[in-house]
1. Based on the mean of other beta carbon atoms within 10 Å per residue, what is the order of 116-129, 72-85, 6-19, most packed first?
2. First select every other residue whose beta carbon is under 14 angstrom from the beta carbon of Arg127; then total the charges, Lys and Arg +1, Asp and Glu -1.
3. What residue among Leu88, Leu135, Leu154 shows peak mean-square fluctuation when the chain is described by a Gaussian network model with Cα springs under 10 Å?
4. Summing Lys, Arg as +1 and Asp, Glu as -1, what charge do residues with Cβ under 10 Å from the Cβ of Asn256 carry, Asn256 excluded?
5. What's the extension gain from Ala202 to Arg237 if we count 0.36 nm per residue and subtract their Cα-Cα distance?
6. For the chain, what is the mean residue ellipticity at 222 nm derived from helices alone (per DSSP H run of n ≥ 4: -39500 (n - 2.57); sum divided by total residues; nearest 500 deg cm²/dmol)?
7. R0 = 25 Å: FRET efficiency of Asp181 with Leu88, Cβ-based, nearest 0.05?
8. Only four residue types carry charge here, +1 at the Cβ of Lys and Arg and -1 at the Cβ of Asp and Glu. Report the dipole size of the chain about the Cα centre in Debye, rounded to the nearest 20.
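Here, each number is a calculation from the coordinates, and none is a lab measurement. Not measured: the values here are computed from a predicted model. Cβ: placed from backbone, ideal geometry, glycine included. Neighbour counts: every protein chain shown.
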Amino acid sequence: MTGSAFRDCDLCGAKQPSLLFAKDGYSIVQCQACTLVYVGEDPGAIDFASLYGEDYYQGSCDRAFANYLGEEAARRASARRRVWALRLLKWRRGRLLDVGCAAGFFLVEASRFHEVQGVELSEFSSRYAREHFGLDVFTGTLAAAALPAQRFDLITLWDVIEHVAGPHELLRECARLLGPDGRIVLTTGDIGSAYARRHGPAWHLMAPPWHLYYFSRATMAALAERAGLRVVACRARGVAGDHPWLRSRAGVAAGNLLGQGDIMRVTLARRGAGAPAP
């Protein structure tokens, strides 16, 4: 089934995607040309300021954080693990931009090694980052921040790209801001993973209208290419199954080593940049 009422593909511009299924009142569609999966309705009708208001972080709405600010200790511990993972990629110094930085927990940890800045759409969480941590965080979209070209050595987007109305525009702006030998590191769900395919509409990351896009490794690589970037590395994260052991720390680690998690961590560089990082 196809629908001319659905919006065009953000990746390749093709019209009339196929309807896969409906979820929570939204149409999940797939481009017949490039296979990108996305919400078929126009994101222009979504009130993003309301969607990512205080209720989103305080557990007052469905499918949002139970108590984001109350989980600061655990979230900062997770941020420290991410910082150390980046250090293994040899990114030990330089300017770092975190896009979709929320309340700034990752930026606080990264500031031990980097000169940090953040961009965050939510007025509530960006204000928290400034007032509680003294961070340099812009409220709004990355394009609206109008940052200088080639300013950053490292740009991070932790579970962000699936939320935005125009992922191609976002990655293109990241490419503009990236220094010649810089890297972009992002995480997002992998709809091509075995776990996501098994669960279909019931996949825990199938969450419109918060998640507007559902990338596979192939569509992520194509999106990067269109934005003037290339994939340096792609690693599995997340969960591979529902068995209690697979949800344990050891099970998750084993699944990730086998490339079976339902989240991907992707490292990108500008096309034509130097040799790939490890």
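1. 116-129, 6-19, 72-85
2. Summing Lys and Arg as +1 and Asp and Glu as -1 gives -4.
3. Highest fluctuation among the options: Leu88.
4. So the surrounding residues net to +3.
5. Gain on extension, Ala202 to Arg237, equals 10.7 nm.
6. -8500 deg cm²/dmol, from helical runs alone.
7. Using R0 = 25 Å, I get an efficiency of 0.90.
8. Value, rounded to 20: 1400 debye.
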